[in-house]
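The values are calculated or read from the model by the stated rules, or taken from the named source; none is laboratory data. As the structure is a prediction and not an experimental result, all values here were calculated from the model. Please note: Cβ atoms are built from the backbone with ideal geometry, for glycine as well, and neighbour counts cover all protein chains shown. Ligands, DNA and RNA are stripped out before the accessible areas are found, and what is left, the full protein with its side chains, is counted by its heavy atoms. Shrake-Rupley method; radii C 1.70, N 1.55, O 1.52, S 1.80 Å.
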Amino acid sequence: MALKGNLRDFSTTQLLNLINLARKTGALTIEAQGTSAKLFFKEGKLIHASLGDQDGHLANMLLKAGKLSAEQTRAIQAHSEVDSDKELGLLLINAGYVTQNDIVQSVKAYILDVVYTLFTWVEGLFYFEPNILPSEDKITVPINLENVIMEGSRRLKEWERLQDELPDLNRALRFTDRPDTKLRDINLSVEEWRVISFINPRNTIKQIAQSNNMDDFQIRKIVYGMLQAGLVELVTPEGGEAKPGMPPGRPRTAAPPPAVKRGVILRLIDRIKKI
Amino acid sequence: MQTVKMVVTGPFSAGKTEFIRTISEIDVVSTERKITDETKSIKEETTVAMDFGRITVDEDLVLYLFGTPGQKRFDFMWEILSEGMLGFIVLVDSVRPETFREARRILDVFSSYGAATPYIVAANKQDLPDAWPPEDLRIALKIDRNVKVLPCVATDKESVKNVLLELLYSILEGTEEE
């Protein structure tokens, strides 16, 4: 089944998070602002990206990364009879123009440039086509989406959106139970590490912010990034604080469900089975 | 006679009325009115008070199903409807991602009414080609792994039965041995 929607309702961050957690393989196309972007994923990792008319040719990627001069790039495009990025890469390595590492880093930087641009798109149609991979001639570099999401979230400046995504600072945080996630593999800023050190189901987000002298915007940005990267999850603080994020004007009842005997439930099950 | 109650909730046009209508033994007591605002393009009528369905087990036991109103301005009804519920079902429209944020809000609100009240999420309209799969909805809505997210077609009796049974199994896990 295809995933379709609009970024207005399901943001780039949320899409990447979904692809990461579901370890999806396929192509994500986003059409917005008169252009379109195409991202390719393999088992939840970003492996290639292109954006509208921006040439995804290897020579241009190397130019953008400063590994080739404009003149060299023009010469390659004018005279090279090699269409494949992989073949061109080998030729350039053998000729001593670049190293393999230069190529990998340049392709990676290009892919990241494209994907970070998408974080600023707040509206646009998207669709995900499973099991579609880039053509064989393209050089792919697997990129861990957790770091992309963290960095993309850092660039996400829309205060309103942050507030919308994380309305309630009286919730607490706990680390997710994901054995495949290792904190040391994720690049965290100093501020993020400071927040990490306070994460505990007893501490509300607001308390963590106060302890770190952060305002609501700063803490929202950091917590939002961590939530989207799947590092932490929201929980009700131990001690049961009020939840201002709930609709106002109504008393909140933490009423337990009515005590119903097991036999009643079994009778209900039996009845519904017979309908 | 003992009566027990379950609540069917979810965003506007998620299929709550249809869900109850499919399984109820009585004609659903539904207070639908013509829509006069911008939501009209989605459907012609909406529930302004509540849907009410019934399943009689025997002369001593009756299950009532209550559907919450679909529009935001009737949110005040939620808490009233949720009092004494055995469990609740959050119906999600799997083909309209624009409603996912509202679905998440509803989940949070209903969970706050009774922290220990069992619930499940039903990914409705799975018969439509653009339906998001239940496991993708789990991620999109940040639903805990311990909560069941089931495929659902609210017009299909077997599908609705399955959702109700799964909720009852969840309730059963939380009940003590007699």
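With respect to chain A, whose longest principal axis is taken over its alpha-carbon atoms, helix A:12-21 is tilted by about 80°.
Between A:Gly89, A:Gly44, A:Gly152, the residue with the greatest mean-square fluctuation in the GNM of chain A (Cα pairs under 10 Å linked by springs) is A:Gly89.
For a quick check, take a GNM of chain A with Cα springs below 10 Å and name the residue from A:Asn187, A:Asn17, A:Asn94 with the largest mean-square fluctuation. Judging by the Gaussian network model, the answer is A:Asn94. Restricting attention to segment A:1-98, which trypsin sites (Lys or Arg not before Pro) occupy a DSSP loop and are surrounded by at most 14 other Cβ atoms within 10 Å? Sites meeting the loop and neighbour criteria: A:Arg8, A:Arg23.
Cβ-Cβ distance of A:Ala78 and A:Asn131, R₀ of 56 Å, FRET efficiency by 1/(1 + (r/R0)^6): the value works out to about 0.95. Packing, taken as the mean count of other beta carbons within 10 Å per residue, orders the peptides A:125-133, B:147-155 from highest to lowest as B:147-155, A:125-133. For segment A:3-146, the gyration tensor built on C-alpha atoms gives a prolate shape. Its axis ratio a/c (a ≥ b ≥ c) is at least 1.5, and a/b is the larger of a/b and b/c. Restricting the GluC sites (Glu not before Pro) of segment A:93-180 to loop positions (DSSP other than H, G, I, E, B) with no more than 13 neighbouring Cβ atoms within 10 Å leaves A:Glu123, A:Glu136, A:Glu158.
Comparing mean-square fluctuations of A:Leu169, A:Leu16, A:Leu92 from a GNM of chain A with C-alpha springs under 10 Å, the top value falls on A:Leu92. With 28 Å as the limit on Cα-Cα distance, the pairs of A:Lys38/A:Lys64; A:Lys64/A:Lys138; A:Lys221/B:Lys148; B:Lys5/B:Lys148; A:Lys4/B:Lys16 that go past it are A:Lys221/B:Lys148. Heavy-atom accessible area buried between chains A and B is around 4500 Å² (1.4 Å probe, both sides summed).
Restricting the GluC sites (Glu not before Pro) of segment A:63-118 to loop positions (DSSP other than H, G, I, E, B) with no more than 13 neighbouring Cβ atoms within 10 Å leaves A:Glu81.
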